[in-house]
Amino acid sequence: MTTLISKALNLQKNLGLPDDKLGVITQAMREYAVDVLNVAKHPIEKRDTPAVIRKYVESHGVTYDGKEKLFK
């Protein structure tokens, strides 16, 4: 089981949604992850400062830790 499916399954169960909604949740999570990666790709490739990278990704609800180079 992938991490994505595991998190989607947990979300589905916590929200009390029927099993047929797992695919919808998984697809929405996948599309969101791809959007964030596409937004962050350009400044990362240019090796911009963490402040510039944060500017791009924070509008998507994600933060960037420049020290550890992790998205949260």
- Ranked by Cβ crowding within 10 angstrom, fewest neighbours first, how are 54, 30 ordered? 30, 54
- Label-to-label distance, nm, for residues given as residue 67 and residue 2 (7 Å Cα→Cβ offset): 3.2 nm
- Message: I'm spelling it out carefully: the read-out is Rg and Dmax of the Cα atoms in Å, the candidates are (1) 14.9, 44; (2) 15.7, 64; (3) 18.0, 53, and one was derived from this structure. Which label?
- Response: (1)
- Message: Restricting to DSSP H runs of at least four residues, report the calculated mean residue ellipticity at 222 nm for the chain, -39500 (n - 2.57) per run over all residues, nearest 500 deg cm²/dmol.
- Response: -20500 deg cm²/dmol
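Readers should treat all values here as calculations from the given coordinates under stated rules, not as data from a laboratory. None of the values given here were measured: they were computed from a predicted structure. Positions of Cβ are generated from backbone atoms using ideal geometry, with glycine treated the same way; all protein chains shown enter the neighbour counts.
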